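The values are calculated or read from the model by the stated rules, or taken from the named source; none is laboratory data. Just so you know, these numbers come straight off a predicted model, no measurement behind them. Don't worry about glycine lacking a Cβ; one is built from the backbone with ideal geometry, like all the others, and counts go over all protein chains shown. Side chains included, ligands, DNA and RNA excluded: accessible areas come from the protein's heavy atoms. Shrake-Rupley method; radii C 1.70, N 1.55, O 1.52, S 1.80 Å.
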Amino acid sequence: MTVQELPGDAAYRPTPPPAWQPRTDPGPLLPDPEPYRVLGTDAAAAVDQELLLRLYAELVRGRRYNAQATALTKQGRLAVYPSSTGQEACEVAAAMALEERDWLFPSYRDTLAAVARGLDPVQALTLLRGDWHTGYDPHEHRIAPLCTPLATQLPHAVGLAHAARLKGDDVVALAMVGDGGTSEGDFHEALNFAAVWQAPAVFLVQNNGFAISVPLAKQTAAPSLAHKAVGYGMPGRLVDGNDAAAVHQVLTEAVERARRGGGPTLIEAVTYRMDAHTNADDATRYRGESEVDVWRAHDPILLLERELTRRGLLDDRVRNAAAEAAETMAAALREQMNADPVLDPMDLFTHVYAERTGQLREQAAQLTAELDAAADAEGEAR
């Protein structure tokens, strides 16, 4: 309510502002009451078989990638690895829904999405190894740096998408976040700006059930995370995050809508994190094995295999080809990660500023002097 100053006794009578009515009809923005599914439904018949086979090969490769990266943590070659085992359908579909000119904004758990988009697995894991700032050139690959602080990649995605729209570039930004990230202020700010600006952005929330150990019910009382879209004035979509065909369809539709100028979309993919939060987490402290077993029966690879088998598309040749390609990738990753990297301490000052500040120049000179002194001392010791 506002206060309108009127003469006499009517002074300061409260009156509604002219914009008190809803700016947007909320009906079309509401998500479906149940997660959208394709596999195992009549809609599966319309899915191109080549797409299904490509999804299958990428899911198998993604599962092997997760297993190999997890093993590298146990061998001391990775400092930490947030596995996406069980979430491969979301990761792969996100990469496949984008055109080459589009941008992907991943979180720390989304290295598989980056790999599925074409990034070298070693480069995708470099940050988690602690070797380099990010491990790859974001502009070259159209993949923003892996974001460890929760949800901070979302405003970045909106900024890039809005800038592309202002420039007239035919570019869409797809930002990935977990259910825990929706409790961050950056989530609110990103969605609000995206809707007001009608930015060509798509937000994919992978609801895997837990923010580390905090279940979703302790984070929100909303009917679903997809319902949050209505409050910002954008459509919300609810999809089965383990149904690779469904996730790919929903994401593709949202990307195409954004590219046409239709604005942003919030998508909640209901999935499950089969492994612990990271290799440093003990998931048995907050969930039981029986719960995990229920989701194993809804494994994204298993769901896709059923559809391929029903169509007569999955035989030993297809299985072996997918497994062999995945093992080739894992072997190359293992070999390269087992090689000790050559590190240059002066890289600390690279790519911080386009031109070094006076303070950075001073620090670089100090480090150079210390390295030279250490080298001289080592030479004298010999």
### Task
Kindly establish whether Asp275 is more than 30 Å from Asp170 (Cβ to Cβ) and surrounded by fewer than 17 Cβ atoms within 10 Å (Cβ to Cβ).
no
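Take region 71-95 and flag every residue that is hydroxyl-bearing (Ser, Thr, Tyr) and surrounded by fewer than 24 Cβ atoms within 10 Å (Cβ to Cβ).
Thr73, Ser83, Thr85
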### Query
How many of the residues in region 206-249 are of a type in the set (Phe, Trp, Tyr) and open to solvent by less than 30 Å² (accessible area, probe 1.4 Å)?
1
### Query
What number of residues within region 183-205 satisfy the criterion of being open to solvent by less than 20 Å² (accessible area, probe 1.4 Å) and over 29 Å from Val292 (Cβ atoms)?
8
### Query
In region 223-237, what residues are touching a helix residue (DSSP H, G or I) at 6+ places or on another chain (Cβ under 8 Å) and closer than 21 Å to Arg273 by Cα?
Leu225, Arg237
### Message
Quick check on region 147-176: of everything there that is assigned to a loop (DSSP other than H, G, I, E, B) and out of contact with any strand residue (DSSP E or B) (no Cβ under 7 Å at 6 or more places or on another chain), which residue is surrounded by the most Cβ atoms within 10 Å (Cβ to Cβ)?
### Response
Leu150
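Check Leu266, Leu302 and return the single one that is open to solvent by less than 80 Å² (accessible area, probe 1.4 Å), farther than 30 Å from Pro155 by Cβ and either part of a helix (DSSP H, G or I) or modelled with pLDDT of 95 or more (or both). Walk me through it before giving the result.
Details: Leu266 fails: farther than 30 Å from Pro155 by Cβ.
So the residue among Leu266, Leu302 that is open to solvent by less than 80 Å² (accessible area, probe 1.4 Å), farther than 30 Å from Pro155 by Cβ and either part of a helix (DSSP H, G or I) or modelled with pLDDT of 95 or more (or both) is Leu302.
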## Note on the structure
Contact list, first residue from region 124-144 and farther than 22 Å from Glu99 by Cβ and open to solvent by 40 Å² or more (accessible area, probe 1.4 Å), second anywhere and modelled with pLDDT under 95 and of a type in the set (Gly, Ala, Ser), beta-carbon distance below 7 Å, six or more apart or interchain, is Leu127/Gly135; Arg129/Ala79; Gly130/Ala79
### Query
Of the residues that make up region 50-68, is at least one touching a residue at least 24 places away in the same chain (Cβ under 8 Å) and out of contact with any helix residue (DSSP H, G or I) (no Cβ under 8 Å at 6 or more places or on another chain)?
no
### Meets criteria (β-branched (Val, Ile, Thr) and free of Cβ contacts under 8 Å to residues at least 60 places away in the same chain) for Val270
no
### Message
Quick check on Gly180: is it more than 11 Å from the chain's Cα centre (by Cα), open to solvent by 20 Å² or more (accessible area, probe 1.4 Å) and over 30 Å from Arg54 (Cα atoms)?
### Response
no
### Val202 outside any helix (DSSP H, G or I) and on the phi < 0 side of the Ramachandran plot
yes
### Query
Considering region 324-346 alone, what residues qualify as being touching a residue at least 12 places away in the same chain (Cβ under 8 Å) and open to solvent by 50 Å² or more (accessible area, probe 1.4 Å)?
Ala325, Glu327, Arg334, Gln336, Asn338, Pro341, Leu343, Pro345
